[in-house]
Structure formats: C-alpha cells, structure tokens
1. Mind pulling the angle between the C-alpha long axis of helix 135-149 and the longest principal axis of the chain? Nearest 10 degrees, somewhere in 0 to 90.
2. Taking the chain as the reference, fit the longest principal axis to its C-alpha atoms, fit the long axis of helix 113-130 to the helix C-alpha atoms, and give the angle between the two in degrees, 0 to 90, nearest 10.
3. Count the net charge of all other residues whose Cβ sits under 15 Å from the Cβ of Glu103, scoring Lys and Arg as +1 and Asp and Glu as -1.
4. Starting from the amide H of Ser132, placed 1.01 Å from N in the peptide plane, find each other amide H under 5 Å away whose residue is 5 or more places distant or on another chain.
5. About the Cα centre, and with charges only on the beta carbon of Lys, Arg (+1) and Asp, Glu (-1), how big is the dipole of the range 60-131? Nearest 20 debye, please.
6. For the chain, give the percent of accessible area contributed by carbon and sulfur heavy atoms, probe 1.4 Å, rounded to a whole number.
7. If the cut-off is a Cα-Cα distance under 16 Å, which lysines reach Lys162, setting aside same-chain residues fewer than 8 apart in sequence?
8. Which of the trypsin sites (Lys or Arg not before Pro) found in the range 81-135 are in a DSSP loop and have at most 13 neighbouring Cβ atoms, other than their own, within 10 Å?
Amino acid sequence: MKRLTLFIDRYFVYLLSFVFIALNLFLLSKGIWWLGILPVFFLFVIIAVFRLDILLFLTVFFVPLSYPLHEIITDTQVDLALPTEIFLIIILFLVVLKNLKGESFHKKILLHPVSVAIYIHLTWMLVTSFTSTMPLVSFKFLLSRIWFVVAFYFLAAELFRKNTRNIYKYICFYVIPLLFVIAYTTNRHISIGLFNQKAAHSV
C-alpha cells in the first residue's frame with residue numbers, strides 16, 4: 001500500500017509538471033509570460049514564511065543592487081529601493097505576525113541600551129510627525145525607519161545571537177554584490193573620466 005501511494009504521488013508530480021510546462025509554453029506562444037514566474041513566487045513565499053533568516057540574507061544581498069522606483073516610474077509619489085524595501089516591508093509584516101503568535105525577540109535584545117535608544121528615537125519621530133508641516137511625508141519616513149530597524153537591527157541581532165557564524169554570512173552577502181557594483185561603477189567612471197565630479201551621480 002505504501003509503495004502504491006508513493007507511485008501515485010510520484011506520477012502525480014510528473015503529470016502536474018508536464019501540465020505546467022505545456023500550459024506555460026502555450027501562453028508564451030501567445031506572448032503571456034507571467035505564468036513562468038509563479039514557481040519563483042511560490043518559492044519566495046515559502047522562504048519568507050518558513051525561513052526568515054534566508055529572506056534577511058537575500059535582502060542584504062540586494063541592498064547594493066537596489067534600483068530606485070522613480071527611475072522606472074517617473075511620476076510616482078512614493079519612492080522605494082527595489083527590491084530591497086519590498087523585502088523589508090514583507091519582513092516587518094511577518095515579524096508583526098510572529099509577535100502576535102507569541103514569538104518575539106530575545107529579552108536581551110529588546111532591553112539592550114541600544115534598543116532603548118531606538119525606542120526613544122522612534123517615539124520622538126512619531127511625536128514630531130503629528131506636528132509636522134507635511135505629516136504624510138513624516139509618517140512615511142517613520143514607517144520606512146521602522147522596517148529598516150526591525151530587519152537590520154532586531155532580526156539581525158536575533159540571528160547573530162543564535163549563531164555567531166551568521167555575522168560572517170551577513171557580511172559576505174553584502175560585500176560580494178557590492179564588489180560587483182564597485183567594479184561596474186569604476187569601469188564606467190574611467191570611461192567618462194575618473195575625476196569627473198559631474199558624472200559621478202549618473203555613473
């Protein structure tokens with residue numbers, strides 16, 4: 001019975017894969033490409049839900065490679081660094097959900113003097129947002145500061161506390177893409193003029 005179940009499960013996977021590939025090829029022939037990214041999307045969802053540490057490392061990896069939203073949509077009212085800030089928003093959402101379920105960061109992190117200083121800073125930002133001449137802009141800035149702090153301070157500190165090897169992983173995930181960015185930028189700058197200050201930003 002067990003062998004029969006395994007046989008059925010295996011061939012069900014084969015059948016499902018065949019149907020997906022056939023449907024994807026058909027849609028591609030019609031110029032519809034979005035179905036092909038569904039497996040990547042589902043993989044990302046699984047990683048985000050079950051392995052928040054991997055999602056943080058992916059976020060760190062994309063920090064040097066991020067691209068501003070206003071370069072894609074010129075008339076946008078909200079600017080984001082893509083895909084980094086999208087990942088940060090997802091991390092903030094998942095951390096809030098985990099806290100609602102009773103899963104929180106370690107007390108040593110939450111009560112650390114640096115953490116207390118961050119609480120005071122964010123509280124003051126909240127107060128000044130209410131008295132701001134541009135409240136919407138101030139609250140957006142406060143929200144962006146919160147998702148940066150939750151991911152790059154609280155979640156990172158929790159991973160480092162659990163395993164100090166995560167510190168080296170964290171650094172490597174940031175440094176490796178940064179080296180490519182440095183090489184690319186330097187190469188472009190040399191072609192225009194290494195000491196051309198006016199070209200520095202566009203490079």
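The values are calculated or read from the model by the stated rules, or taken from the named source; none is laboratory data. On a predicted model such as this, the values are computed, not experimentally measured, just so you know. With ideal geometry, Cβ positions are generated from the backbone for all residues, glycine too; neighbour counts draw on all protein chains shown. Note: areas computed on protein heavy atoms with side chains; ligands, DNA, RNA excluded. Shrake-Rupley method; radii C 1.70, N 1.55, O 1.52, S 1.80 Å.
1. Once rounded, one gets 60 degrees.
2. With rounding to tens, the tilt is 80 degrees.
3. On the way: positive: Arg51, Lys98, Lys101, Lys107, Arg161, Lys162; negative: Asp53, Glu158.
Net local charge, Glu103 excluded: +4.
4. Long-range HN contacts for Ser132: none found.
5. Working: 4 positive and 5 negative charges, 119 e Å.
In total the dipole reaches around 580 debye.
6. Working: 10980 of 14990 Å².
Looking at the chain in its full context, I get 73 percent from C and S.
7. Correct list for Lys162: Lys107, Lys108.
8. Details: sites: Lys98, Lys101, Lys107, Lys108; in loops: Lys101.
For trypsin sites (Lys or Arg not before Pro) across the range 81-135 that sit outside H, G, I, E and B with at most 13 neighbouring Cβ atoms in 10 Å, the list reads Lys101.
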